[in-house]
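Worksheet: one structure, shown below.
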Amino acid sequence: MIRGSHLLPYPVCSHPGAIRKLVPVPSDWTSGMLTLAHPSTPCPGAHSRLGCFSSRRRCISLAKSSVKMSSFEGSQDYADGDLQGSKQLYLGIDFGTSGARYVLIDKQGTIRSEIKRTYPQPLVGNTLNWASSWRETLFSLLEDIPVGLCRYIASISIDGTSATTLIIDSNTGELLCRPFLYNESLPDALPIVTSIAPENHTVCSGSSTLCKLVSWWNSNNSNKGSAVLMHQSDWLLWLLHGKFGISDYNNALKVGYNPETDSYPSWLLAQPFFYLLPSVKAPGSPIGCIKEDIRLRFGFPKGCVVCTGTTDSIAAFLAARATQPGRAVTSLGSTLAIKLLSTSRIEDARFGVYSHRLDDKWLVGGASNTGGAVLRQIFTNGQLEVLSSQIDPLVPSPLDYYPLPATGERFPVADPNMMPRLHPRPESEVEYLHGILESIARIEAKGYKLLKELGATEVEEVFTAGGGAKNQVWIKIRERVLGLPVHRASQTEAAYGAALLALKGVGLQN
Ligand SMILES: Nc1ncnc2c1ncn2[C@@H]1O[C@H](COP(=O)(O)OP(=O)(O)O)[C@@H](O)[C@H]1O
Ligand SMILES: O=C(CO)[C@H](O)[C@H](O)COP(=O)(O)O
C-alpha cells in the first residue's frame, strides 16, 4: 500500500506521451517510495489508484537516472491556486555523494513532496563530467516537482558536499577546469598552504578548498583575471539566480573564511588569488529572485527567492533539529560525517577536526572517508537489510577493519596515504557485514572521543542521518560501541535541512 496514494487534484496533462504512470517500486527500494515508469508507458484509460502526474514537455528518462518519489500529503489544500502566506512552500535540495534529492515543506515543516535521483554518468572521454551530471540532476529534480505545487514555492536553498570546488570564468560562466571533489586530496598545494596559514588551521589539509584553489592557481596561466571560485552548492544556486561568487560561511570554511569574525583573514587576503574568493553570507540568506527564464519554465511564482545554502552534513544536522550542546548528528551517507553542538570552538588539521558556526554555537566535527561508499562496493541495499537482520547487535564482532573505499582518510586520522583494511574476510557474509558495521562504529566512537580530548562539549546523545540511519541493527551496534543513546533523526535527509534554510530565507526577506 503506498502511503497517501490518491489522485492528485491538479490537471493531468492531455498529451498521453507526457503522462507518467506510477508503478510500485521493485522490492529493494524503500517502501512507500514510488518509481516512475518510463514515460512511453501509456497510462491506462481509467487512472490507476496510484494516480497519474501531469508533466512538462520533458519526461523522466529512467535510463539516465533512477528516481524515487514519495506520495504527497494533503495536496488537496493546494488545489485552488491562491498563494497565501500560509500556503507557501519551501524547497530544499541536497546534492550528496551518490545522488541528489529534494524536499518540499510548508510553513509547519510538513513534507509536501520529495524525490531522490541518482546521478547520471555522462562521460567526457573516460572521465565523468560531474558538473554536467549535477546540472542535469538539478533541472530534472525541478521537472519532477508536481506542477500544482511549483506555483507555491516561495524560496529555494541547496546544500552540497563540502570542499567540492569549481573554478568558473565570470565572463562566460564556463568552468575553467574539472570540479575538485570533496574528498580529493591535492598534496602538491599543501606545503604552500601550510606556509601561509596558521599552524594546524582547517585549510591545512590536502582536501581543503584552499589546497584546490592553490593547486589550480599554480598550474594554470589562462583566464585567471576573470576566474571566480564557487563551491558545489554555490554553483548550483548560481544556475538559478545568476549572480557570481556568493557563498555561505559553512561552505567557505575550508577555503579559509573565519566565521567567528565573519571575514577572510589578512593572511588570505594578502594572497595573489584573493580576488577569486566568493562573498560570504549566513546560510539561508536571500541572494535574489530566481532567473525569469527558469521561473517561467518551471512555473515558480514571481518573487521566488534563492537563498544561500550550506554543506550536506550541516544540512543533515539542521534536519535533525538538535538544539542543545552535547547533542550530535552522525551522517551515515557515503561518508561518515559527525557534528557535535559545542559551546567551544576547536580546530586541528592534524586530526581533520574543524568547527562550523551555527548561529552562536559551534558544530565541531570532521568527515571520515569510511561509511556507505564502502558498503555499496560490497553489498546492495537489499543485501544490507537481509544480512543486517541476522546480526545480533549486542554481541561484539572480533573482526577489526578500517573500511575505506580507497586510499586516504580525513578524520579522525588525517592521512591521505591510509590504506583500506577489510581482511580477513570470513566465510559468513553476515559476520563480514557485522565486522564492517562495528569497525565503522569504532571509527565514529574514536571521532567523538577525540573531540572531547580537544576540548569540545562532551557528547550526550547521537542522532543519525543519511542512508545508514534506516539500519536499526547498526544503531544498536553503535549504541553499544559509543556507550551513548543513539537514535534515528526525525528527519534523516539533508534536503530537509536545506528546506529549513529556504524557510529561514523568506523570514529574513520579510
Ligand atoms: N540498510 C542499510 N544499512 C546501512 N547502510 C545503508 C543501508 N541502505 C543504504 N545504505 C547506505 O546509504 C548510503 C547512501 O546514503 P545517502 O545518505 O543517500 O548517501 P550520500 O548522500 O552520501 O550520497 C549508501 O552508501 C548505502 O550503502
Ligand atoms: O563527506 C562529505 C561528503 O558527504 C563532506 O566532506 C561533508 O560535508 C563533511 O564536510 P563538512 O563537515 O564541512 O560538512
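The values are calculated or read from the model by the stated rules, or taken from the named source; none is laboratory data. Given the structure is predicted, the values throughout are model-derived calculations rather than measurements. For neighbour counting, all protein chains shown are included, and Cβ atoms are generated from backbone atoms with ideal geometry for every residue, glycine included. Just so you know, the surface numbers come from the protein's heavy atoms only, side chains and all, with ligands and any DNA or RNA stripped out. Shrake-Rupley method; radii C 1.70, N 1.55, O 1.52, S 1.80 Å.
Taking the Cβ of residue 211 as the centre, find all other residues whose Cβ is under 14 Å away and add up their charges (Lys, Arg: +1; Asp, Glu: -1). Mind showing how you got there, number by number?
On the way: positive: 212, 254, 410; negative: 184, 188.
Charge balance in the 14 Å sphere: +1.
What is the Å³ per residue value for the convex hull set by the Cα atoms of region 357-444?
Working: hull volume 10.9 nm³, N = 88.
Value for region 357-444: 124 Å³ per residue.
Name the aspartates and glutamates eligible as straight-distance cross-link partners of residue 116: C-alpha to C-alpha under 16 Å, and not fewer than 8 places from it in the same chain.
28, 94, 136, 143, 144, 159, 312, 493
Under 5 Å between amide hydrogens, which residues at least 5 positions from residue 96 or on another chain qualify, with H placed 1.01 Å from N in the peptide plane?
Close amide H contacts, sequence-distant or interchain: 101.
Keeping all protein chains in the complex and leaving out DNA, RNA and ligands, what accessible area do you get for residue 293 with a 1.4 Å probe, in Å² to the nearest 10?
Here the residue's solvent-accessible area equals roughly 100 Å².
Taking K and R as +1 and D and E as -1, what net charge do the other residues with C-beta under 11 Å from the C-beta of residue 320 add up to? Please list the in-between numbers first.
Working: positive: 321, 327, 339, 488; negative: 461, 493.
Every neighbour counted, the sum reads +2.
Might you tell me the accessible area per residue for region 156-197, computed with a 1.4 Å probe and given in Å²?
37
Heavy atoms of the protein only, probe of 1.4 Å, neighbouring chains included. What is the accessible area of residue 180 in Å², nearest 10?
20
Suppose each label sits 7 Å from its Cα in the direction of the beta carbon; what would the residue 428-residue 181 distance come out to in nanometres?
Roughly 3.4 nm, to one decimal.
Could you tally the net charge around residue 369, taking each other residue with its Cβ under 9 Å from the Cβ of residue 369, Lys/Arg +1 and Asp/Glu -1?
On the way: positive: 410; negative: 409.
Around residue 369, the charge tally is 0.
Distance between the C-alpha centers of region 101-166 and region 416-442? Whole Å please.
Here the answer is 33 Å between Cα centres.
So for 434, 231, what's the accessible-area order with a 1.4 Å probe, most first?
Order by accessible area, largest first: 434, 231.
When N counts the residues of region 244-402, how does its alpha-carbon radius of gyration compare numerically with 2.2 N^0.38 Å, as a ratio? The partial results should precede the final answer.
On the way: Rg = 20.0 Å, N = 159, 2.2 N^0.38 = 15.1 Å.
Normalised Cα radius of gyration, region 244-402: 1.33.
Along each principal axis of its Cα atoms, how long is region 308-374 end to end? Whole angstroms, biggest number first, please.
35, 29, 25 Å, listed from the longest principal axis down.
If DNA, RNA and ligands are ignored and the probe is 1.4 Å, what is the ranking of 461, 199, 427 by accessible area, most exposed first? It would help to have the intermediate numbers written out before the result.
Values: 461 40, 199 165, 427 185 Å².
Ranked list, largest accessible area first: 427, 199, 461.
Given a 1.4 angstrom probe, I'd like the percentage of the accessible area of region 87-145 that is carbon and sulfur, rounded to a whole number. Don't skip to the end; give the middle numbers.
On the way: 910 of 1850 Å².
About 49 percent, which is the carbon plus sulfur part of the accessible surface.
On the principal axes of its Cα set, how long, how wide and how thick is region 383-502? Give whole Å, largest value first.
Dimensions of region 383-502 along the principal axes of its Cα atoms: 48, 33, 27 Å.
Give the dimensionless ratio obtained when the Cα radius of gyration of region 174-281 is divided by 2.2 N^0.38 Å. If you can, show how the numbers build up before the last one.
Values: Rg = 13.1 Å, N = 108, 2.2 N^0.38 = 13.0 Å.
Normalised Cα radius of gyration, region 174-281: 1.00.
Any chance you could look up the accessible area of residue 323 with a 1.4 Å probe, heavy atoms only, rounded to 10 Å²?
Roughly 90 Å² of residue 323 is accessible to a 1.4 Å probe.
Using all Cα-Cα distances in region 179-232, what percent lands in each 5 angstrom bin from 0 up to the longest?
Spelled out bin by bin, region 179-232 gives 4, 21, 29, 22, 17, 5, 1 percent.
If the reach is capped at under 25 angstrom between alpha carbons, list the lysines near residue 446, excluding any in the same chain fewer than eight residues apart.
Once the sequence-local lysines are set aside, what remains near residue 446 is 254, 339, 361, 470, 476.
Cα to Cα, under 23 Å, and not fewer than 8 places away if on the same chain: which lysines meet these conditions relative to residue 291?
Qualifying lysines at Cα under 23 Å: 87, 243, 281, 302, 504.
Sorted by average packing, counted as other Cβ atoms within 10 angstrom per residue and highest first, what order do 338-351, 406-419, 303-316, 269-282 take? Write out the running numbers ahead of the final one.
Working: 338-351: 20.8, 406-419: 17.6, 303-316: 28.7, 269-282: 16.0.
The packing order, highest mean first, is 303-316, 338-351, 406-419, 269-282.
Hey, got a sec? Which chymotrypsin sites (Phe, Trp or Tyr not before Pro) in region 406-510 land in a DSSP loop and have at most 14 other Cβ atoms within 10 Å?
Here no chymotrypsin sites (Phe, Trp or Tyr not before Pro) fit, given the DSSP loop and packing criteria.
Among the GluC sites (Glu not before Pro) within region 82-178, which fall in a DSSP loop and have no more than 13 other Cβ atoms within 10 Å of their own Cβ? If you can, show how the numbers build up before the last one.
Values: sites: 114, 136, 143, 174; in loops: 174.
Answer by residue number: 174.
From Cα coordinates alone, what are the radius of gyration and Dmax values for region 209-332 in angstrom?
When restricted to Cα atoms, region 209-332 yields Rg and Dmax of 16.6, 49 Å.
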